[in-house]
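Quick notes on the structure that follows.
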Amino acid sequence: PLKAAGNVQPTQASAALKQQLLKGAQLKSPVFAVKAKADSVVEDHTTPAPVTQVKKADARQAAVVQAALVPGCETTLAVNQLYTVNGVQAGNLLCYHFNLPKKARINALLVGQTAGTDMSLTLFQDDGQGNPIPLGTSNNPGTGDESLSGVLPAGDYYWFMEANAAVSGSSFQFGVAVDANIDAFEPNDTADTAFKLPDTLNYISGNADSLNDVDYFDFTAVRCQSVG
């Protein structure tokens with residue numbers, strides 16, 4: 001569940017970064033399937049924290065941050081927290097960084113858009129040299145929630161959010177829910193990502209880490225053998 005983490009200042013990413021993401025998206029298929037509705041938001045009625053600007057120097061002190069962060073996206077935020085951005089203007093390009101210290105199932109969210117606001121959400125990975133690799137985009141009409149889910153390896157990742165439309169006082173919330181309680185065969189949630197089994201008798205110990213978790217395995221029969 002995500003807990004309210006107060007406000008973050010809107011940051012302005014460069015138009016060049018947007019062009020890099022668009023170019024990268026044309027070269028590869030998205031890693032994530034877009035979901036019509038966010039599913040990991042938990043209401044938290046505690047008093048919001050005061051406006052917080054995460055210091056870039058603090059992010060650099062974390063041993064898990066390996067890469068030189070993508071320019072314009074150096075503000076690092078914690079996972080499993082729900083942040084609020086106020087004062088959004090049409091055309092704003094917002095970018096924030098988070099780190100996964102180990103492989104995990106994630107759900108990147110953009111929710112709670114106020115009337116007249118229309119944000120899109122792209123998730124991208126750092127290649128370790130400060131270059132963005134787009135993983136998928138959620139761009140539902142109007143104030144519809146944006147959500148991208150999947151299993152990712154350890155590394156540095158970014159929310160990239162564009163204001164397609166905004167009015168005076170526009171705001172929204174975003175965050176990423178992270179669950180590292182996954183088995184060694186993930187990601188294998190689709191037939192295309194099925195875990196390949198060797199041609200032998202296999203004993204598998206795995207787990208269903210969500211209500212909707214489906215695990216695929218495949219094998220090649222090489223001796224015309226019977227299968228049970």
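Values in this text are rule-based calculations from the coordinates and carry no lab data. From a predicted model like this one, the values you see are computed outputs, not experimental measurements. When we count neighbours, we look across all protein chains shown, and the Cβ atoms used for this are built from the backbone with ideal geometry, even at glycine.
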Per-pair calculated FRET efficiency, R0 = 35 Å: S168 and Y216 via Cβ, rounded to 0.05: 0.15
Evaluate the Kirkwood expression for the hydrodynamic radius of segment 95-228, namely the inverse of the mean inverse distance over all pairs of different C-alpha atoms, and round to one decimal in Å. 17.2 Å
For A208 and C224 in one chain, what is 0.36 nm times their gap in residues minus the Cα-Cα distance, to one decimal in nm? 2.6 nm
Net charge near T193, counting Lys/Arg +1 and Asp/Glu -1 over other residues with Cβ under 14 Å of its Cβ? -4
Candidates per trypsin sites (Lys or Arg not before Pro) in segment 65-117, loop by DSSP, up to 16 other Cβ within 10 Å: K102, K103
From Cα coordinates alone, what are the radius of gyration and Dmax values for segment 108-165 in angstrom? 12.4, 39
